[in-house]
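Trainee: Dropping the structure in here first, questions after.
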Amino acid sequence: MTDSALRNGEIGGDPANQSTAEAAPRGPLSRFVVLDLTRVRAGPTAVRQMADWGARCIRVELPRKAALADVLGEDRSGPDFQNLHRNKESLTLDLKQPEGREILLRLVKSADVLVENFRPRVKHKLGIDYETLKAINPRLVYASISGFGQTGPYGDRPGFDQIAQGMGGLMSVTGVPGQGPMRTGIPVADLSAGLYCALGIMVALLEREMTGQGQWVQTSLLQAQVAMLDFQATRWLMKHERPVQTGNDHPTIIPTGCFRAKDGYLNIGTAGPEIFDRLCRTIDAPELARNPAFSTATSRARNRMLLNASISAKLAEKTVSEWVDILNGAGVPAGPVLTIDQVFDDPQVRHLGMAQQVEHKTLGRINLLGQGVSLSRHHFHIRSATPEPGEHTSSILKEIGFDDETIEQLRGSNVV
């Protein structure tokens, strides 16, 4: 069996014996093989982007005895784990044993991408750092996610989403003024690092088509979080304006925020004087637009609380549903504030297919989260549920030349 067989999925024989990924419909990234050495969230998020669009993603996990000592305590049957690792294969491998490392190196020879989120020194200790693997496969795109970067004064610190949210400035601009720092309700640093990493991998693969050479893609929770500050960061960088907490109000576009109606809350967005004037007329308060206290962006910012109170007094006359229809009909962006269960009952969210079903061997039919992007010629779908630990170990090892007897020996030594 040649190394290209792994890349091309040319497993041969009875289709029933082929891997789950190969038996499923092919996606736009199906020509790529990705080795997934990641844990927790940021790294798996990056690999999931590749897996969801058809790449063959082989997740390298610890063998059972080593996994029992794992302090992370991931709940394999839980929603988070199931959502992160769908569309992947599972190979158990102890990289601390020489035989385990040699198996990985053999896989690297024909892989396109390797993704890892070890602390920087660990990959060197294991002998699987970029320079080592580049010598084996110069075409390899090697992607690393760390807490703070591969080098620098914080390079060896462990990374955690909330730490990055705080150090990256996000917690200083989230929450109600005066209440102190506030984390966001989702792991923004983890998710952003994963998505930036996936973007970097795609860029490196495109560049490889011109040069034939792979490269090292690097991001970190801190780097991604700072990048996600976006306009809040450039307010400081360009004008030395230090953003502060503004609660549910937009920091610079006023009035844009969360308002209470007769039976609940809705968000209203007013970008520019034309939409502000339209809002005032629609809620039957044209005098607000003519009031000198609110007539300019500067005066609206200065008198934000008074303006919000005036708008809220008008909104209290009707329900959220009524206002959403009235405001959108008048060209004023507005929407309800939904709980998570209400989100997935929303007709537009249903239309977008944001809940996807897949059959799991032990959990039965489960719902997982859909993709955040659509393509016109390739439709996203979950081809396979998260695999059991080592579910594909034997088939993968056979593809790269191991026979049954050797595989059993490796199992006996807890290498796989």
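Trainee: Would you please state the base-10 log of I(q)/I(0) at q = 0.07, 0.14 1/Å for the chain, with intensities from the Debye formula using one equal scatterer on every alpha carbon?
Mentor: The calculated log intensity ratios at q = 0.07, 0.14 Å⁻¹ are -0.44, -1.25.
Trainee: Using helices alone, I'd like the mean residue ellipticity at 222 nm for the chain: each DSSP H run of four-plus residues gives -39500 (n - 2.57), total over residue count, nearest 500.
Mentor: Rounded to the nearest 500, the figure is -11500 deg cm²/dmol.
Trainee: Going toward the positive end of the dipole of the stretch 220-277, with +1 on Lys and Arg Cβ and -1 on Asp and Glu Cβ, which of 271, 234, 220 do you reach last?
Mentor: Positive-most Cα among the choices belongs to 220.
Trainee: If you wrap the stretch 307-416's Cα atoms in a convex hull and average its projection over all directions, what's the area in nm²?
Mentor: Average projection, Cα convex hull of the stretch 307-416: 13.4 nm².
Trainee: Among 280, 197, which comes first, then next, by fewest other beta-carbon atoms within 10 Å? Display every interim value, and only then the final one.
Mentor: Working: 280 23, 197 27.
Arranged by neighbour count, lowest to highest, 280, 197 become 280, 197.
Trainee: Express the C-alpha Rg of the stretch 144-210 as a ratio against the empirical globular expectation 2.2 N^0.38 Å, rounded to two decimals.
Mentor: Rg over 2.2 N^0.38 Å, computed on Cα atoms: 1.40.
Trainee: In addition: In whole percent, what relative contact order does the chain give with Cα contacts below 8 Å and a gap of six or more residues?
Mentor: 19
Trainee: For a quick check, take a GNM of the chain with Cα springs below 10 Å and name the residue from 122, 173, 60 with the largest mean-square fluctuation.
Mentor: Of the options given, 122 has the highest mean-square fluctuation.
Trainee: Go through the stretch 27-41 residue by residue and turn each phi into a ³J(HN,Hα) via Karplus (6.51, -1.76, 1.60, θ = phi - 60°); whole Hz please, and just put x for glycine and proline.
Mentor: x, x, 9, 5, 7, 9, 10, 10, 9, 9, 9, 9, 9, 6, 10
Trainee: Give, to the nearest whole percent, the P(r) tail of the stretch 257-337 beyond 21 angstrom, counting all Cα pairs.
Mentor: 18
Trainee: Among all the lysines, which ones have a C-alpha under 30 Å from residue 96's C-alpha, if same-chain residues fewer than 8 places away are not counted?
Mentor: Of all the lysines, those that pass the test against residue 96 - Cα under 30 Å, at least 8 places apart if same chain - are 65, 88, 109, 123, 125, 134, 398.
Trainee: Step through the residues of the stretch 338-347 one at a time and calculate ³J(HN,Hα) from phi using the Karplus curve (6.51 cos²θ - 1.76 cosθ + 1.60, θ = phi - 60°), rounding each to whole Hz and writing x for Gly and Pro.
Mentor: Going residue by residue, I get 9, 7, 4, 5, 5, 4, 7, 9, 5, x Hz, with x marking Gly and Pro.
Trainee: As a footprinting exposure proxy, order 237, 221, 352 by other Cβ within 10 Å, with the fewest listed first.
Mentor: Least crowded to most crowded, the residues run 237, 352, 221.
Trainee: Continuing with this model, one more query. Would you mind checking which residues have amide H under 5 Å from residue 114's amide H? H placed 1.01 Å from N; only 5 or more apart, or other chain.
Mentor: Distant-sequence amide H within range of residue 114: 35, 141, 142, 143.
Trainee: Hey, another quick one. So what are the ³J(HN,Hα) numbers for the stretch 99-107, from phi and the Karplus equation (6.51, -1.76, 1.60; θ = phi - 60°), rounded to whole Hz, Gly and Pro as x?
Mentor: 5, x, 4, 5, 5, 4, 4, 5, 5
Trainee: Suppose the chain between residue 342 and residue 293 were pulled fully straight at 0.36 nm per residue; how much longer would it get relative to their current alpha carbon spacing? Mind showing how you got there, number by number?
Mentor: Numbers: separation 49, 0.36 × 49 = 17.64 nm, distance 3.76 nm.
Gain on extension, residue 342 to residue 293, equals 13.9 nm.
Trainee: Only bridges with both residues in the chain count here: give the DSSP antiparallel percent, nearest 5.
Mentor: Here the share of antiparallel DSSP bridges comes out near 40 percent.
Trainee: Sorting 310, 374, 295, 220 on the 10 Å Cβ count, fewest up front, what's the list?
Mentor: With the sparsest Cβ surroundings first, the list reads 374, 295, 310, 220.
Trainee: Just for the Cα atoms in the stretch 53-180, what are the lengths along the principal axes, largest first, rounded to whole Å?
Mentor: Extents along the principal axes: 56, 37, 33 Å.
Quick note: the coordinates plus some simple rules give every number you see, no bench work behind them. From a predicted model like this one, the values you see are computed outputs, not experimental measurements. Because the Cβ atoms are built from the backbone with ideal geometry, glycine has one as well, and the counts that use them run over all protein chains shown.
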